[in-house]
Amino acid sequence: MTTDDLLELLVRAAAAVERVVRAVTGPDRRGRTDRPGQYALDLVADAAALEVLVTAPLAVLSEESGWGGRPGADLTVVLDPVDGSTNASRHIPYWATSACVLDGDGPLVALVVNQATGVATTAVRGEGARRDGEPIAPGKTERVEDAVVTLSGRPAEWLPWKQFRALGSAALNLCDVAAGSLDGLVDGGAWHAPWDYMGGLLICREAGAELVDAAGRELVVLDADARRQLLAAATPALLEDLRRALPAPGPPA
């Protein structure tokens, strides 16, 4: 499959998610499953996305259903059908479907679409990142005092950022850093899984934004149990400034 084929497949999967979630209304919108943190709409969205993705020769790693598709395939889709499920359940217009195709060299094609607004951010390795077809780039902020940052949880240290937000979707947060809408992202702990950030990772890389794990761990992992503490920034200087929000390293073991 070409990268164009892969991107078209991800677009069709995201469109299927939007259709089925839009149909979940009233009290059902906030319905939960027996799994902690999971909404019923997450499962509806997952089933819709998988119905599209399994038509291609791909393996799939989804937040909601784990491994599926074709075991041993050369390509793997890392999928979060609804990133920002609480926002979706409450009609807060900041939730996404995030999907990223990986090959043997890592992230290859990514799509993150804000399902409430229809704004889509895409990236193809070596070809840059785009928002609704237009090239994107991060801002030029270098000092935390000038930065508008988004937080996931409370950081260890409260820095003198210009302003902060807590928006509720890591995938969209990363796209907004890549596009210059936000200057940085700080996680308060290591709780984001690969499906939360993989699409945003490729988008940040292709746009020229910085994204790392706070402890220096590899971000490109296909492990459902892996959790990372994300730090993202418009510039290398700001990234180093944001590290001050992390706890000081402990003594050697």
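I need a count of the residues in region 126-165 that are of a type in the set (D, E), touching a residue at least 40 places away in the same chain (Cβ under 8 Å) and within 25 Å of T2 (Cα to Cα). Before you say what the answer is, go through the steps one by one.
As a first pass, look at region 126-165 and keep what is of a type in the set (D, E): 127, 132, 134, 142, 145-146, 157.
Pick out the ones that are also touching a residue at least 40 places away in the same chain (Cβ under 8 Å) and you get 127, 142, 157.
Still in the running and within 25 Å of T2 (Cα to Cα): 127.
The total comes to 1.
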Scan (1) in the same structural domain as E64 (by TED's automatic domain parsing); (2) open to solvent by less than 10 Å² (accessible area, probe 1.4 Å) for the single condition I203 breaks and write down its number. (1)
Given (1) in contact with a Ser or Thr (Cβ under 9 Å, 6 or more places away or on another chain); (2) under 16 Å from V20 (Cβ atoms), where does A99 come up short, assuming only one miss? (1)
Which condition number does A47 fail, the rest of (1) free of Cβ contacts under 8 Å to residues at least 60 places away in the same chain; (2) open to solvent by 40 Å² or more (accessible area, probe 1.4 Å); (3) not in a helix (DSSP H, G or I) being met? (3)
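Listed here are the residues, each with its yes/no results for (1) basic (K, R); (2) farther than 15 Å from A110 by Cα.
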{"residue": "V11", "(1), (2)": "no, no"}
{"residue": "A14", "(1), (2)": "no, no"}
{"residue": "E18", "(1), (2)": "no, yes"}
{"residue": "G26", "(1), (2)": "no, yes"}
{"residue": "R30", "(1), (2)": "yes, yes"}
{"residue": "Q38", "(1), (2)": "no, yes"}
{"residue": "L43", "(1), (2)": "no, yes"}
{"residue": "P57", "(1), (2)": "no, yes"}
{"residue": "G66", "(1), (2)": "no, yes"}
Among the residues of region 209-246, count how many are in a helix (DSSP H, G or I), hydrophobic (A, V, I, L, M, F, W, C) and crowded, with 16+ Cβ neighbours inside 10 Å. 4
Of A88, A56, which residue is outside any strand (DSSP E or B), more than 21 Å from Q38 (Cβ to Cβ), among the aliphatic types (A, V, I, L, M) and open to solvent by less than 30 Å² (accessible area, probe 1.4 Å)? A56
When region 224-241 is examined, which residues are found to be touching a Pro at 6+ places or on another chain (Cβ under 7 Å) and either modelled with pLDDT under 95 or more than 20 Å from I136 (Cα to Cα) (or both)? A226
Residue ID - nearest to A193 (Cα to Cα), chosen from residues in region 59-69 that are open to solvent by 20 Å² or more (accessible area, probe 1.4 Å) and part of a strand (DSSP E or B): G66
Taking the criterion of being of a type outside the set (V, I, T), farther than 20 Å from A129 by Cα, open to solvent by 10 Å² or more (accessible area, probe 1.4 Å) and touching a residue at least 60 places away in the same chain (Cβ under 8 Å), would at least one residue in region 29-40 satisfy it? yes
Please indicate, with yes or no, whether at least one residue in region 192-205 is touching a residue at least 24 places away in the same chain (Cβ under 8 Å), touching a Gly at 6+ places or on another chain (Cβ under 6 Å) and not in a loop (DSSP other than H, G, I, E, B). no
Log entry, pairs with first residue in region 171-188 being free of Cβ contacts under 8 Å to residues at least 12 places away in the same chain, second being open to solvent by 10 Å² or more (accessible area, probe 1.4 Å) and not β-branched (V, I, T), beta carbons closer than 6 Å, six or more apart or on different chains, reads none
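The values are calculated or read from the model by the stated rules, or taken from the named source; none is laboratory data. The structure presented is a predicted model; accordingly, all values stated were derived computationally and were not measured. FYI the Cβ positions are ideal-geometry reconstructions off the backbone, even for glycines, and counts take in every protein chain you see. We work out accessible area using only protein heavy atoms, side chains counted, and drop any ligands, DNA or RNA first. Shrake-Rupley method; radii C 1.70, N 1.55, O 1.52, S 1.80 Å.
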